[in-house]
Amino acid sequence: MSALLLALDYAAVLIFALTGALVASRAQLDIVGFAFLACLTAVGGGTLRDVLLDRNPVFWIAAPSFLAVAAAAAILVFFTAHLLESRYRALLWLDACALAVAVTAGAGVALSLNQPAPIVIIMGMVTGCMGGLMRDVVVGEVPLVLKQGELYVTAAFAGALAAVTAERIGETPWITLSACAAVTLILRAGSLRFGWRLPVYRSRPPRT
Amino acid sequence: MSALLLALDYAAVLIFALTGALVASRAQLDIVGFAFLACLTAVGGGTLRDVLLDRNPVFWIAAPSFLAVAAAAAILVFFTAHLLESRYRALLWLDACALAVAVTAGAGVALSLNQPAPIVIIMGMVTGCMGGLMRDVVVGEVPLVLKQGELYVTAAFAGALAAVTAERIGETPWITLSACAAVTLILRAGSLRFGWRLPVYRSRPPRT
Amino acid sequence: MSALLLALDYAAVLIFALTGALVASRAQLDIVGFAFLACLTAVGGGTLRDVLLDRNPVFWIAAPSFLAVAAAAAILVFFTAHLLESRYRALLWLDACALAVAVTAGAGVALSLNQPAPIVIIMGMVTGCMGGLMRDVVVGEVPLVLKQGELYVTAAFAGALAAVTAERIGETPWITLSACAAVTLILRAGSLRFGWRLPVYRSRPPRT
């Protein structure tokens, strides 16, 4: 299972780095700013997971090649982002993929450490949501994670719950982790494509 | 003392979760967004305290029921916030209570680990102020902690100082922690109710 | 080398604390707010470095006098900032000095722990950039670190790279660390004074 978890961490880092670089392009940063934001987004969630679980060393300190992957993704975006028809749409969809992969990576690590179910779920959510949250807070945008009514934290929660359930009923790691990624991605993609949403709090005018 | 500290952590989590959910209601999030912001606010300060003090595991990983409390508080607020006359006033007063309880929890933990006085004071302030700071930064509001002239960090500082002083002169844990909570709450409440404040820096026009 | 590293940490704390207090003066905070922001800025980057490297205890918990230095700097600024002709220019230049010293402190600590080159570089950048980033995010300003095209993260990167290179070719710690500080400061100062910059991403109108 540990090779699989490593591959998931690499995939999450790569895709989140692409989203960080796209946000950098929208904020018109220079190439080092691209790399900085790509690295922050790519390793932010997993770093928080490792610090909370007291995993030592943190995954990208154990294997600095994670940072090389993120920096390479940033450089790629710096020179090719102008080819995209809509950088914002690319950002949304890459972010959805990154969310699905990172939730799976986070839940998988917690499962491999035999953490109880609530901690597995939280670690999936932390790994999936926190990198993007840091990215958005640092550039001063409203975090995607808090977009009203969209399934985002909800998708992460449901995916991690699927992982816990699959593991509980004795599925193999492959199926457990695939279920997690699939549930997360389907919910998030459905929200982006078909407008699936939860009712928002709106019983009174806001900000009073 | 450790049962008392655990109770304080639960109380701080509950009240801070209520404030996080109220902020979520003002930002018109959905129910999962309520739970997310409630959990972040509820455990943010204590988590930072535990990471800084290298306490393992972090308090809510040792007892995931903390998160259940925070999520329950979020659900409660989601369905009842419309009954409040002013959500903003409720937020301010709950936040004052949460501050007093959390400063006490933070200082108490540091005292129980025999940390030196400056670290006890800082841990009280970190535990009290950082959860609310994260809540406000994430939703993009000016942090309550930085409201000009209001006693907030000051109240936390004075409360933690009271705890250190009481412990130094040999008071029991009950009295030490009660003094901390009382001093923090009185100063913060006095600032909200009677406008007690410190002079702000205003020798020249701002932002030049 | 460890006395030298301790001195660098003290210098970085002092200068970053001055920048935090200057930002507090621009946000018209009270004296406790000055101290809070000064401490956050002063120890933010180094704390993250220590948590990531699992150094225990965190540097300012091992020696709380760091916080006394930061608080003293805050008080000094509270009573003297009105004497400055331009607080913003003072902020920029102090921040440049703090960056140079803190990058050096971060890279030096990682070198002393025999970390591989990429981690040394990252720790230099984290220690140098993250305290100022936290300062700016908390008060809701655009982070200096993300100013379009200015050499900031770039200066930190180049300085840390210089440290790694000097160490690799067998220079003494003094020369290694001096090279790091000099490269960082020259690039950042050149960017402030002469407008040295990297090209920014601007192939299409922003925010589309």
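The values are calculated or read from the model by the stated rules, or taken from the named source; none is laboratory data. Everything numeric in this text was worked out from a predicted model, so none of it was measured. Heads up, the Cβs are rebuilt from the backbone with ideal geometry, glycines too, and the neighbour counts pull from every protein chain shown. These area figures cover heavy atoms from the full protein model, side chains too; ligands, DNA and RNA do not enter into them. Shrake-Rupley method; radii C 1.70, N 1.55, O 1.52, S 1.80 Å.
Looking at region C:25-138, the helices (runs of 4 or more DSSP H) lying wholly inside it that each contain 2 or more residues that are among the aliphatic types (A, V, I, L, M) and either over 22 Å from A:Val51 (Cβ atoms) or within 14 Å of chain A (Cβ to nearest Cβ) (or both) sit at C:31-52, C:65-80, C:87-112, C:117-138.
Quickly run through region A:65-88 and pick out the residues that are open to solvent by 30 Å² or more (accessible area, probe 1.4 Å) and either of a type in the set (D, E, K, R) or within 22 Å of A:Met123 (Cα to Cα) (or both). Selection gives A:Glu85 alone. Residues of region C:9-46 that are β-branched (Val, Ile, Thr) and touching a Ser or Thr at 6+ places or on another chain (Cβ under 8 Å): C:Thr19, C:Val23, C:Val32, C:Thr41. Report, by residue number, each residue of region B:19-31 that is crowded, with 24+ Cβ neighbours inside 10 Å and among the hydrophobic types (A, V, I, L, M, F, W, C). Residues satisfying the conditions are B:Ala21, B:Leu22, B:Val23, B:Ala24, B:Leu29.
In region C:149-208, how many residues are in a loop (DSSP other than H, G, I, E, B) and aromatic (Phe, Trp, Tyr)? Before the answer, list the steps.
The initial filter retains those residues of region C:149-208 that are in a loop (DSSP other than H, G, I, E, B), namely C:149, C:151-152, C:169-172, C:195-196, C:198-199, C:201-208.
This time we only want the ones that are aromatic (Phe, Trp, Tyr), so: C:152, C:196, C:201.
Result for region C:149-208: 3.
Being at pLDDT 90 or above and within 8 Å of chain C (Cβ to nearest Cβ) is a description that does not apply to A:Thr19. Name the residues in region B:139-152 that are open to solvent by 10 Å² or more (accessible area, probe 1.4 Å) and at the interface with chain C (Cβ under 7 Å from one of its Cβ atoms), would you? Passing the criteria: B:Val142, B:Leu146, B:Gln148.
Checking each residue in region B:102-118 for being buried (at least 24 other Cβ atoms within 10 Å of the Cβ) and farther than 8 Å from B:Ala160 by Cβ picks out B:Ala102, B:Thr104, B:Ala105, B:Gly108, B:Val109, B:Ala110, B:Leu111. The selection criterion, being at pLDDT below 95 and surrounded by fewer than 23 Cβ atoms within 10 Å (Cβ to Cβ), does not hold for C:Leu14. Here C:Ala7 does not fit the description of being within 14 Å of chain B (Cβ to nearest Cβ), open to solvent by 10 Å² or more (accessible area, probe 1.4 Å) and assigned to a helix (DSSP H, G or I).
From the residues in region C:154-188 that are within 14 Å of another protein chain (Cβ to nearest Cβ) and open to solvent by less than 10 Å² (accessible area, probe 1.4 Å), which one is farthest from C:Leu111 (Cα to Cα)? For region C:154-188, the residue satisfying everything is C:Arg188.
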